[in-house]
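Encoded as structure tokens, the structure appears first; notes follow it.
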Amino acid sequence: MAMSCPLNRYLLLMAQEHLEFRLPEIKSLLSLFGGQFISSQETYGKSPFWILSIPSEDIARNLMKRTVCAKSIFELWGHGKSPEELYSSLKNYPVEKMVPFLHSDSTYKIKIHTFNKTLTQEEKVKRIDALEFLPFEGKVNLKKPQHIFSVLEDYGLDPNRIPENPHNIYFGRWIADGQRELIESYSVKKRHFIGNTSMDAGLSFIMANHGKVKENDIVFDPFVGTGGLLIASAHFGAYVYGTDIDYNTVHGLGKASRKNQKWRGPDENIRANLRQYGLEKYYLDVLVSDASKPSWRKGTYFDAIITDPPYGIRESTRKTGSQKEIPKGMEKCPESHVPVSLSYHLSDMFFDLLNFAAETLVLGGRLVYWLPVYTPEYTEEMVPWHPCLRLISNCEQKLSSHTSRRLITMEKVKEFEAFLGYCSCSVPAAFPGSVLSPAIGFST
Ligand SMILES: C[S@@+](CC[C@H](N)C(=O)[O-])C[C@H]1O[C@@H](n2cnc3c(N)ncnc32)[C@H](O)[C@@H]1O
């Protein structure tokens with residue numbers, strides 16, 4: 001039986017990367033643009049094809065101006081599990097909704113997109129010919145058409161068991177592409193100033209999207225490092241500010257992280273990174289400061305706090321202070337410069353971070369951060385919590401067979417009240433964050 005095609009249905013073609021991060025990204029962006037996530041699909045697990053209802057095409061376009069998890073969006077005209085079901089679904093789609101895009105003055109082209117199978121040119125042409133019954137009156141223009149239509153065929157996810165016929169076939173009018181090209185254009189490889197833990201460009205944009213960062217927001221990163229997360233927020237029009245305990249990182253001094261380069265060059269700093277992307281006007285400042293001793297007057301300052309705290313793997317967790325005599329000549333330590341440091345236990349660090357966010361975020365503001373976990377021991381109860389912050393999403397990125405990090409997004413839902421409760425986050429032995437640990441390379 002043909003599947004009906006309700007009005008205002010859209011088809012999202014998702015990228016097959018960072019699968020767990022996709023749904024929170026789309027939900028966050030829809031809520032940012034006044035939409036609501038409404039869908040008849042039961043799971044969004046791994047499929048690249050998502051059907052959802054969006055109140056207007058404007059909201060769909062706004063969504064695509066931000067998403068790095070979705071490749072394209074289509075106004076869905078028909079959907080079926082076989083060609084016959086698709087054609088019958090298309091015949092049920094209201095003609096008055098088609099006509100504005102098919103009239104005689106218009107130009108168009110039809111594309112065939114397959115997932116998990118490659119079709120020959122002949123097979124593609126057959127599929128296009130089979131759509132003859134649609135009231136196309138315009139002229140075909142392959143180079144610069146006004147309207148692009150797509151047939152999208154889904155052959156499942158298993159490359160070792162590709163079915164003869166697709167599981168699902170969709171037909172839709174292309175509306176917009178997402179922002180996947182940002183991953184390349186902001187690649188850390190081509191960035192002016194980087195460090196060993198500079199955040200991957202794609203994940204930085206995902207974090208800014210989970211944080212619902214928008215124009216004119218003020219976004220803060222208390223563990224700013226080389227400012228990778230500030231760049232993504234600034235790209236979306238937010239003013240950015242950061243702090244780090246390491247003087248050399250903040251001032252762009254010390255040893256370079258690039259091969260073939262010993263020392264950081266002049267102007268290798270966060271401000272210059274923003275300049276590289278034409279975003280300097282969004283730079284507020286970066287300061288040397290210890291996140292365990294925030295020096296802020298009481299108040300709400302930030303629309304979002306987006307951060308990647310140290311895990312004690314490539315970056316040690318430290319705070320200022322000393323149990324010993326202050327050592328002399330610390331300026332001779334060129335790699336990092338934290339004059340005098342004490343260990344900062346990870347659970348204290350997350351406790352401080354949540355309290356700080358609860359105090360300084362505006363109501364509705366979001367905290368987005370990475371939590372390292374030792375997977376065999378992890379349970380959801382280990383995720384730090386705070387009475388003023390609601391958990392929005394918790395997505396895993398595996399790092400090794402036993403370790404992962406989880407991207408936690410929380411929203412401030414209540415005016416600040418100091419929380420003295422115990423922070424129960426699991427800090428596994430695999431993340432020896434309570435000591436100044438040596439750098440162990442791992443790739444993210
Ligand atoms: C994982 S890195 C952040 C990397 C950053 N997202 C980037 O793109 O470069 C963590 C940073 O936290 C800093 N840090 C460690 N302990 C700190 C503390 N107590 N207060 C503030 N910053 C601290 C480290 O110097 C390091 O730069």
remark   = Surrounding charge for Phe416, neighbours by C-beta under 12 angstrom, Lys/Arg +1, Asp/Glu -1, total 0
query = What distance in nm separates the simple spin-label points at Gln276 and Lys139, each placed 7 Å from Cα in the Cβ direction?
reply = 4.6 nm
query = Among the listed pairs Lys71/Lys97; Lys97/Lys143; Lys319/Lys398; Lys298/Lys412; Lys190/Lys255, which are separated by more than 22 Å between their Cα atoms?
reply = Lys71/Lys97; Lys97/Lys143; Lys319/Lys398
key: lysines whose Cα lies under 18 Å from that of Lys91, excluding same-chain neighbours fewer than 8 positions away   = Lys81
key: Extended-chain gain in nm, criterion 0.36 nm per residue less alpha-carbon gap, Asp105 and Ile148   = 14.0 nm
message = Suppose the chain between Arg61 and Lys117 were pulled fully straight at 0.36 nm per residue; how much longer would it get relative to their current alpha carbon spacing?
response = 17.3 nm
request  = Step through the residues of the range 285-292 one at a time and calculate ³J(HN,Hα) from phi using the Karplus curve (6.51 cos²θ - 1.76 cosθ + 1.60, θ = phi - 60°), rounding each to whole Hz and writing x for Gly and Pro.
outcome  = 4, 10, 10, 7, 7, 9, 5, 7
query = With r defined as the distance between the Cβ atoms of Gln36 and Val362 and R0 fixed at 22 Å, what FRET efficiency is calculated, to the nearest 0.05?
reply = 0.50
request  = May I ask you to compute the full-extension gain from Arg390 to Trp263, defined as 0.36 nm times their residue separation minus their alpha-carbon distance, rounded to one decimal in nm?
outcome  = 41.4 nm
key: Residue-wise HN-Hα coupling along the range 391-404, computed from phi with Karplus coefficients 6.51, -1.76, 1.60 (Hz; x: Gly, Pro)   = 6, 9, 7, 8, 10, 8, 10, 6, 10, 7, 4, 10, 10, 8
query = Once amide H atoms are placed 1.01 Å from N in the peptide plane, what residues at a sequence separation of 5 or more from Asn141, or on another chain, have their amide H within under 5 Å of its amide H?
reply = Tyr108, Lys109
request  = Please report the base-10 log of the normalised intensity I(q)/I(0) for the range 1-133, using a Debye sum with one equal scatterer per alpha carbon and no solvent, at each q in 0.17, 0.20 (1/Å).
outcome  = -1.07, -1.37
key: aspartates and glutamates whose Cα lies under 15 Å from that of Lys65, excluding same-chain neighbours fewer than 8 positions away   = Glu25, Glu57, Asp177, Glu181, Glu215
remark   = For the range 10-22, Karplus-derived ³J(HN,Hα) couplings (6.51, -1.76, 1.60; θ = phi - 60°; whole Hz; x for glycine and proline) come out as 10, 10, 9, 9, 8, 6, 8, 9, 6, 4, 5, 8, 5
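Coordinate-derived values only; no laboratory data. The model shown is predicted, which means the values in this text are computed figures rather than measured ones. In this analysis, Cβ positions are derived from the backbone assuming ideal geometry, glycine residues included, and neighbour counts consider all displayed protein chains.
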